[in-house]
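Here is the structure we will look at.
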Amino acid sequence: MSVRNIMIVGVGGQGALLASKTLGQVLLDAGFDVKVSEVHGMSQRGGSVVTYVRYGEKVFSPIVDKGEADFIVSFECLESARYTEYLRPDGQIIMSTQMIDPMPVITGAAEYPENLVERMTSAGIKVDAVDCLALAEKAGTSRAVNIVLMGRLSKYLDFPESAWLSAIERLVKPQFLEMNKKAFLLGRGE
């Protein structure tokens, strides 16, 4: 198997690190060599963050270059659009439809771009856009958008549901476990 590349993009405070740890755990448990990068960007609440997850028989670098991402998993619409140049021509974006105003929009220096999903799909990009925030709230907490996205990603990767749930059990605090399991299943469409 050649190396596969997944980018997780979002805004600081949304749980990108837990998402990348969950994905990395599933991949390690499946026997792959896995490289998960540190979170790049402003990891405090509000700043843009990017995490790279690469896996295969042997992975030498944790970095995903432009045109290499098999998947971009995005917590926010604008972040999806911001990283499309990293996607392979046959790659897939899995994104939450949530829109969080970046600082230039908050200060009035810019406007939030309209119709981002439509723009990306009309450019030939495969986009699976889901209201992950609503699904996370349905699971019991708005903080589970990251696990909803992992549920959605799991539909594209050939690993059993039990492997994902096992990783979640090991990484999520016990008091939040049931909500996160429910969030994962809602992300899968179950």
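The values are calculated or read from the model by the stated rules, or taken from the named source; none is laboratory data. Keep in mind the model is a prediction, meaning the values are calculated, not measured. Here Cβ is always computed from backbone atoms with ideal geometry, including for glycine, and neighbour counts include all displayed protein chains. Keep in mind that these areas ignore ligands, DNA and RNA; they rest on the heavy atoms of the full protein, side chains included. Shrake-Rupley method; radii C 1.70, N 1.55, O 1.52, S 1.80 Å.
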**Study point:** In the stretch 1-29, the residues that are touching a helix residue (DSSP H, G or I) at 6+ places or on another chain (Cβ under 7 Å), of a type outside the set (Val, Ile, Thr), at pLDDT 95 or above and open to solvent by less than 60 Å² (accessible area, probe 1.4 Å)
**Key:** Met7, Leu23, Gln25
Practice item. Residue by residue through the stretch 172-187, note down the ones that are surrounded by fewer than 16 Cβ atoms within 10 Å (Cβ to Cβ) and part of a helix (DSSP H, G or I). Key: Pro174, Gln175, Leu177, Glu178
Exercise for review: Would you mind stating whether Ile106 is farther than 21 Å from Leu87 by Cα, open to solvent by less than 60 Å² (accessible area, probe 1.4 Å) and among the β-branched types (Val, Ile, Thr)?
Suggested key: no
Review point. When only residues in the stretch 30-45 that are among the polar types (S, T, N, Q) and over 22 Å from Glu85 (Cβ atoms) count, which is modelled with the lowest pLDDT?
Key: Ser43
Practice item. State all residues of the stretch 141-159 that are open to solvent by 50 Å² or more (accessible area, probe 1.4 Å) and either over 21 Å from Ile8 (Cα atoms) or touching a helix residue (DSSP H, G or I) at 6+ places or on another chain (Cβ under 8 Å) (or both); if no residue qualifies, say none. Key: Ser142, Arg143, Arg152, Lys155
Exercise for review: With a cut-off of at least 1 residues that are closer than 18 Å to Ala16 by Cβ and in contact with a Leu (Cβ under 6 Å, 6 or more places away or on another chain), name the helices (runs of 4 or more DSSP H) lying wholly within the stretch 53-168.
Suggested key: 77-82, 132-139, 145-154
Review point. Can you name every residue in the stretch 118-130 that is surrounded by fewer than 17 Cβ atoms within 10 Å (Cβ to Cβ) and either closer than 17 Å to Ile8 by Cα or among the aliphatic types (A, V, I, L, M) (or both)?
Key: Ala123, Lys126, Asp128
